[in-house]
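Visitor: Can you read through this structure? Questions will come right after.
The values are calculated or read from the model by the stated rules, or taken from the named source; none is laboratory data. Here the structure is a predicted model, which is why all the values come from computation and not from measurement. Glycine also receives a Cβ, built like all others from the backbone with ideal geometry; neighbour counts cover every protein chain displayed. Side chains are part of the model used for accessible areas, which takes the heavy atoms of the whole protein and leaves out ligands, DNA and RNA. Shrake-Rupley method; radii C 1.70, N 1.55, O 1.52, S 1.80 Å.
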Amino acid sequence: MTESTKKVNLLGMSPAKLEVFFEEIGEKKFRATQVIKWIHQLGASSFEEMTNISKALRLKLEEVAEIREPEVLLEKVSKDGTKKWVIRTESGSSVEAVLIPDGDRKTLCVSSQVGCSLDCSFCSTGKQGFNSNLTAAEIIGQLRIAIRSYGDYNTTSQRVVSNVVMMGMGEPLMNFDNVVDAMTLMMEDNAYCLSKRRVTLSTAGVVPAIDKLAEVTDVSLAVSIHAPNDDLRDILVPINKRYPINDLVDACNRYLGKLSDKRVITVEYTLINGVNDKPEHAKQLLKVLRRMPSKLNIIPFNPFPNSGYERPTEERILAFKEIIVHGGIVTTVRRTRGDEIDAACGQLVGQVEDRTRRSQKYIPVVQQGLE
Ligand code: SAH
């Protein structure tokens, strides 16, 4: 074990956890607010910089704690301005984060796990199996890395990232506590101060965790549905066998019911040629969508080697969209961004040392994003 790994990493600590930390080392709780501002608003990486804290306390902190960000192995910038980072994790694997600029809006797509345990049939992350959860520091670290890539870390550059979506590698609700801590920091006034409408958690539908989420936070919710009936969804999104569509819709309604403002569920639907893109699928989907306040985001399938699936033609995509729009549901089609740097949805692979051995069934997929 190296010297640094023995120290407590303060980077991913929520305000509540940081208060506990200060009390445990015999200091006042309000130090937490000071330190959070230094770390997250001013981008501090050392205690030395924290000039409103006494020299004695700074020295004490240096002995027991650290502010350690995950290491960036690679940064790629695409012609359309999309940036992708390959980030090394404590577990020795790597994950990816993607920043997608679109006019004034810059959306950061954040990973929550190394690999994923859910095994959705059309997702390259799923094909790699599962390795480990990211720590809260590794999750919030992706936001710090993205902000810093635009220059000095100060209160102006902090506004660089306007939206965060937990739509990178992994299932965020299977890494519940760390994801909640990181999202708390994203919305915290003394940290990144993002509105709850601009922080979105995307889930494949871990129903009990959606209920638990409503008790601790009020971020916006996106749900990966991908199929309009249980028979098909059982194949595409295997967790459906445990939590079928009806249960998922009920959980979404419960979640929205607990929010203090009016919001809708973003329903994601990866459109796969000949699999879930027929007019009858659209008609069935419409019935599901009408059962909760929702908008639809169609994601044309992004191919990866040996997936066995194809993206539908533009005509088929538009025909599917038309049926839903006619049914009165707001619908968008996600444009593919960062194509040439493999930064599109479902193309994020990092490097996962698979502990489930699932990846052995699909060998060539791995490492696509690292070349
Ligand atoms: N596990 C969470 C977070 C991942 S989000 C979830 O399932 O919501 C990533 C989004 O991209 C999900 O909607 C996912 O289903 C979608 N996706 C995965 N692979 C894809 C691919 N090859 N093409 C297009 N979209 C894909």
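Visitor: If residue 243 meets every condition in (1) more than 14 Å from the ligand (Cβ to nearest atom); (2) over 24 Å from residue 161 (Cα atoms) apart from one, which number is that one?
Guide: (1)
Visitor: So residue 256 clears everything in (1) away from the ligand (no atom under 14 Å from the Cβ); (2) among the aliphatic types (A, V, I, L, M); (3) under 25 Å from residue 124 (Cβ atoms) except one condition, right? Which one?
Guide: It fails just one condition, (3).
Visitor: What number of residues in the stretch 171-204 are open to solvent by 40 Å² or more (accessible area, probe 1.4 Å) and within 14 Å of the ligand (Cβ to nearest atom)?
Guide: Residues that pass the stated criteria total 1.
Visitor: Give the number of residues within the stretch 215-240 that are of a type outside the set (A, V, I, L, M) and within 11 Å of the ligand (Cβ to nearest atom). Even if it seems obvious, please write down each step before you answer.
Guide: Pass one, the stretch 215-240, residues of a type outside the set (A, V, I, L, M): 215, 217-218, 220, 224, 226, 228-231, 233-234, 238, 240.
Okay, now just the ones that are also within 11 Å of the ligand (Cβ to nearest atom), so 224, 226.
Here the count works out to 2.
Yes or no, residue by residue, for (1) away from the ligand (no atom under 16 Å from the Cβ); (2) at pLDDT 95 or above; (3) farther than 25 Å from residue 233 by Cβ; (4) out of contact with any helix residue (DSSP H, G or I) (no Cβ under 8 Å at 6 or more places or on another chain):
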position: 262; (1), (2), (3), (4): yes, yes, yes, yes
position: 303; (1), (2), (3), (4): no, no, no, yes
position: 309; (1), (2), (3), (4): no, yes, no, yes
position: 330; (1), (2), (3), (4): yes, yes, no, yes
position: 338; (1), (2), (3), (4): no, no, yes, yes
position: 344; (1), (2), (3), (4): no, no, no, yes
position: 351; (1), (2), (3), (4): yes, no, yes, no
position: 354; (1), (2), (3), (4): yes, no, no, no
position: 371; (1), (2), (3), (4): yes, no, yes, yes
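Visitor: Give, as residue ranges, the helices (runs of 4 or more DSSP H) completely inside the stretch 30-135 that count at least 1 residues that are hydroxyl-bearing (Ser, Thr, Tyr) and assigned by TED's automatic domain parsing to the domain that holds residue 337.
Guide: Of the helices (runs of 4 or more DSSP H) lying wholly inside the stretch 30-135, those with at least 1 residues that are hydroxyl-bearing (Ser, Thr, Tyr) and assigned by TED's automatic domain parsing to the domain that holds residue 337 span 124-127.
Visitor: Restricting attention to helices (runs of 4 or more DSSP H) lying wholly within the stretch 223-335, give those where 2 or more residues are without any contact (Cβ under 8 Å) to a residue 40 or more places away in the chain and of a type in the set (Asp, Glu).
Guide: Working: elements: 230-236, 245-258, 279-289, 314-326.
Because the criterion is at least 2 residues that are without any contact (Cβ under 8 Å) to a residue 40 or more places away in the chain and of a type in the set (Asp, Glu), the helices (runs of 4 or more DSSP H) in the stretch 223-335 that meet it are 230-236, 314-326.
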